[in-house]
Each structure stands twice: as structure tokens, then as C-alpha cells.
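Q: Take a look at this one; I'll ask things after.
The values are calculated or read from the model by the stated rules, or taken from the named source; none is laboratory data. All of these numbers come straight from a predicted model, not from anything done at the bench. With ideal geometry, Cβ positions are generated from the backbone for all residues, glycine too; neighbour counts draw on all protein chains shown.
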Amino acid sequence: MIVAVAVCPHPPLLVPEVAPGTAEELAEVRDACHAAVTALLAADPDRVVVIGGGDHAGGLTPDLDETAGGSLAPYGAAVHAGGPGTDLPLSLTIGAWLLDRAGWTGPRTYSTARPEVDGRVALLVMADGTGTRTPKAPGALDDRAEAFDAAIAAALAAGDPEALASLDIDLGAELWSRGVPTLRTLGEMTKGADVTAHLRVDVAPFGVGYLVADWVLG
């Protein structure tokens with residue numbers, strides 16, 4: 001049973017050690033992520049399942065346990081998150097870092113697919129919005145990006161799994177929104193749930209859409 005959800009972005013710059021000179025530019029997002037994860041853990045789950053995009057090192061094994069970990073050394077920071085392993089992709093490494101920062105020491109599952117859910121489970125969903133919000137964005141400017149991110153924000157604010165499950169994967173890819181498959185997975189896993197939703201942040205620093213939200217499921 002899924003009891004709570006937190007949705008967070010996963011830029012490496014979320015970790016202050018990656019680029020200390022720009023740490024304040026993502027302070028609002030970082031603080032919102034910490035608040036969302038704290039709310040997630042307040043639901044007293046038996047396990048936290050972190051889902052995100054990318055491939056585990058060494059193959060496509062969909063689910064790993066709390067012994068898995070990830071490093072931000074490729075981004076110039078001597079920061080390790082999670083367990084002793086180094087098999088997590090960026091999205092799940094940032095998820096592990098957020099859980100470490102919040103003090104979670106209980107069981108974890110890391111997944112790049114639709115994970116198995118057993119017992120009281122909290123989902124930490126790692127998903128960026130579009131990367132085409134401004135001319136200097138990673139994917140340059142696309143006029144459709146703002147409306148696409150607004151639709152994601154509206155679904156998160158309303159606690160609307162069906163809207164997330166119906167997000168357009170092809171359009172998301174065109175807009176550099178690599179989080180769409182993960183958000184669709186969230187929607188599919190929570191369809192029919194009674195959701196109390198809280199959208200904490202909807203911003204686009206560096207021309208990339210970052211959304212932070214948390215849900216409590218009845």
C-alpha cells in the first residue's frame with residue numbers, strides 16, 4: 001500500500017558541494033525537497049521506494065535495495081549517497097542524497113521501472129520538468145514548454161494521478177522533460193487513490209522546470 005509520495009527534481013546542482021558558487025540559486029528548490037521528503041517520512045512507511053530515470057550501472061536490473069549507492073564524483077564533488085555501492089544513476093543518487101539528508105535509515109528500494117510494492121510504502125519520485133523554458137536552457141527555447149510544465153504542476157497540486165498517467169511521452173521528450181516516464185509511472189501506481197496534495201515549488205531556474213510536491217494517500 002502506498003501511503004505517501006514526494007516528487008522532487010534531480011539536478012546535480014541540488015547538492016551544494018557540486019557547485020558552491022551557485023548553491024543559493026537552488027536554495028528554494030533544495031529546501032522544498034527537504035520539506036517534501038520530511039513530510040513523506042512523517043507517514044511512517046515501512047520502506048521508501050525511490051523511482052527515477054536512467055540505467056543502473058552494469059545493466060537494467062530494475063530494483064536494488066539499500067546497499068546500492070551513487071557518487072557525484074563525475075560532477076566534481078566528493079559526495080557519496082546511499083549504501084556502499086556505486087550503481088545508481090543520477091536521478092536515484094539525488095534521491096538517496098535527499099533520504100540521507102532527512103535521516104532515513106530504514107529499508108529502501110531503488111527502481112528505474114515500475115517497482116513492486118509490499119507493506120506500507122512511500123514513493124520518492126525523481127523527475128525533472130522541461131529543459132526548454134528559455135533561450136539559454138539546455139534544449140534552447142520551446143514555446144510549448146511552459147504550458148507542459150504547468151500541466152504537470154496542476155496535476156501535482158490537484159493530486160490527479162490520471163492526469164500524470166496521460167502525460168505525452170513524445171512531447172515530453174521533445175521538450176527535454178526526461179521525468180515524464182517516471183511521472184506516468186507515479187500516475188499509474190496511484191490511480192483511484194484519495195490524495196491530499198501539496199505543491200511546494202514550481203520554478204524554472206536555468207531554463208529547466210523544477211517541481212516539488214508531496215501527497216498523502218488515504
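Q: So which residues in the stretch 56-68 are buried (at least 16 other Cβ atoms within 10 Å of the Cβ), in a loop (DSSP other than H, G, I, E, B) and among the aliphatic types (A, V, I, L, M)?
A: Ala68
Q: So which residues in the stretch 22-37 are modelled with pLDDT of 95 or more, surrounded by 15 or more Cβ atoms within 10 Å (Cβ to Cβ) and either out of contact with any strand residue (DSSP E or B) (no Cβ under 9 Å at 6 or more places or on another chain) or of a type outside the set (Val, Ile, Thr) (or both), if there are any at all?
A: Those that are modelled with pLDDT of 95 or more, surrounded by 15 or more Cβ atoms within 10 Å (Cβ to Cβ) and either out of contact with any strand residue (DSSP E or B) (no Cβ under 9 Å at 6 or more places or on another chain) or of a type outside the set (Val, Ile, Thr) (or both): Glu28, Arg30, Ala32, Cys33, His34, Ala35, Ala36.
Q: Turning to a different aspect of this structure: What's the number of the only condition in (1) among the small types (Gly, Ala, Ser); (2) in a loop (DSSP other than H, G, I, E, B); (3) within 14 Å of the chain's Cα centre (by Cα); (4) more than 22 Å from Asp149 (Cα to Cα) that Gly53 fails to meet?
A: (4)
Q: Which helices (runs of 4 or more DSSP H) sit wholly inside the stretch 108-218 and have at least 2 residues that are within 15 Å of the chain's Cα centre (by Cα) and either buried (at least 16 other Cβ atoms within 10 Å of the Cβ) or at pLDDT 95 or above (or both)?
A: In the stretch 108-218, the matching helices (runs of 4 or more DSSP H) lie at 145-158, 180-190.
Q: How many residues does the stretch 69-96 contain that are surrounded by fewer than 18 Cβ atoms within 10 Å (Cβ to Cβ), touching a residue at least 60 places away in the same chain (Cβ under 8 Å) and not in a loop (DSSP other than H, G, I, E, B)?
A: 1
Q: Let me ask something else. Given (1) part of a loop (DSSP other than H, G, I, E, B); (2) out of contact with any His (no Cβ under 8 Å at 6 or more places or on another chain); (3) closer than 28 Å to Leu171 by Cα, identify the lone condition not met by Val29.
A: In the conditions (1) part of a loop (DSSP other than H, G, I, E, B); (2) out of contact with any His (no Cβ under 8 Å at 6 or more places or on another chain); (3) closer than 28 Å to Leu171 by Cα, Val29 misses (1) alone.
Q: Continuing with this model, one more query. For the stretch 161-187, which positions are free of Cβ contacts under 8 Å to residues at least 40 places away in the same chain and among the hydroxyl-bearing types (Ser, Thr, Tyr)?
A: Ser166
Q: Right, another one. Taking the condition of being over 12 Å from Ala122 (Cβ atoms), in contact (Cβ under 8 Å) with a residue 12 or more places away in the chain and of a type in the set (Asp, Glu), how many residues in the stretch 1-56 meet it?
A: 4
Q: A follow-up question, please. Checking Ile94 against (1) in contact with a Phe, Trp or Tyr (Cβ under 8 Å, 6 or more places away or on another chain); (2) closer than 13 Å to Ile51 by Cβ, which single condition isn't satisfied?
A: (1)
Q: A further question follows. What single numbered condition from (1) surrounded by fewer than 16 Cβ atoms within 10 Å (Cβ to Cβ); (2) in contact with a strand residue (DSSP E or B) (Cβ under 6 Å, 6 or more places away or on another chain) fails to hold for Leu40?
A: So Leu40 meets the others, but not (1).
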